[in-house]
1. Taking 31 Å as the cut-off for C-alpha to C-alpha distance, list the pairs among 3/46; 3/71; 71/100; 27/126; 46/71; 46/126 that go past it.
2. Round to the nearest 0.05 the FRET efficiency obtained for residue 132 and residue 4 when R0 = 35 Å and r is the Cβ-Cβ distance.
3. Please find the FRET efficiency linking residue 23 to residue 124, where r is the Cβ-Cβ separation and R0 is fixed at 30 Å, and quote it to the nearest 0.05.
4. Please order 122, 82 by the number of other Cβ within 10 Å, starting at the fewest.
5. Calculate, in nm to one decimal, what residue 101 and residue 74 gain on full extension: separation in residues at 0.36 nm each, minus their alpha carbon distance.
6. Choose one answer from 71, 100, 53: the residue with the largest mean-square fluctuation in a GNM of the chain with alpha-carbon springs under 10 Å.
7. Most exposed first by the Cβ proxy, i.e. fewest other Cβ within 10 Å, how do 103, 67 rank?
8. Hey, of (i) 122; (ii) 170; (iii) 107, which did the structure itself give for volume of the Cα convex hull per residue in Å³ when calculated?
Amino acid sequence: MSKIVALSEAASIGLHSMVLIAQSNEKLNVTQIAEQILSSRHHVAKVLQRLAKNEFISSNRGPSGGFILNKNPEEITLLDIYEAIEGKFQVQDCPGNKSKCPFASCIFGDLSQRVSREILDYLSNKRLSDYL
């Protein structure tokens with residue numbers, strides 16, 4: 001089945017993992033997170049490394065280890081998390097990612113820009129604290 005709008009698996013893992021970590025009263029490890037979001041443990045670990053590198057979370061190793069938030073959930077937007085994983089969000093001009101349109105005007109009009117801006121606005125205005 002084809003999808004018009006979809007998040008990458010990494011972005012989805014990052015967003016869902018951060019919400020789980022923010023909701024938890026105790027440290028969560030990679031296995032616990034992977035089981036809850038039905039994702040590969042290996043992929044979750046790689047995404048969490050990126051989030052730790054961007055200082056959203058910190059980790060402790062060992063039997064009582066796991067991940068905790070480094071920042072207040074009020075301070076973290078979904079856009080912050082998305083961009084830590086995918087890089088700077090770009091408003092899309094062409095749904096086909098073409099540099100030059102074969103027509104005088106795009107058959108999709110400004111749909112791509114409007115949808116991209118709406119997603120950008122949504123991610124910018126939602127904070128981790130909204131899910132607690």
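Since every read-out is calculated from the coordinates, none of them should be taken as a lab result. What you see is a predicted model; the values in this text were computed from it and never measured. Cβ placement follows ideal geometry from the backbone for every residue including glycine, while neighbour counts extend to all protein chains displayed.
1. Numbers: 3/46 25 Å; 3/71 34 Å; 71/100 43 Å; 27/126 23 Å; 46/71 20 Å; 46/126 24 Å.
Pairs exceeding the cut-off: 3/71; 71/100.
2. Values: r = 31 Å, r/R0 = 0.88.
The formula returns an efficiency of 0.70 here.
3. According to the calculation, E is roughly 0.90.
4. Values: 122 11, 82 23.
Listed from fewest to most nearby Cβ atoms, that is 122, 82.
5. Fully extending the segment from residue 101 to residue 74 adds 5.5 nm.
6. Taking springs between Cα atoms under 10 Å, the residue moving most is 100.
7. Lowest to highest Cβ neighbour count: 103, 67.
8. Computed from the coordinates, volume of the Cα convex hull per residue in Å³ corresponds to (i).
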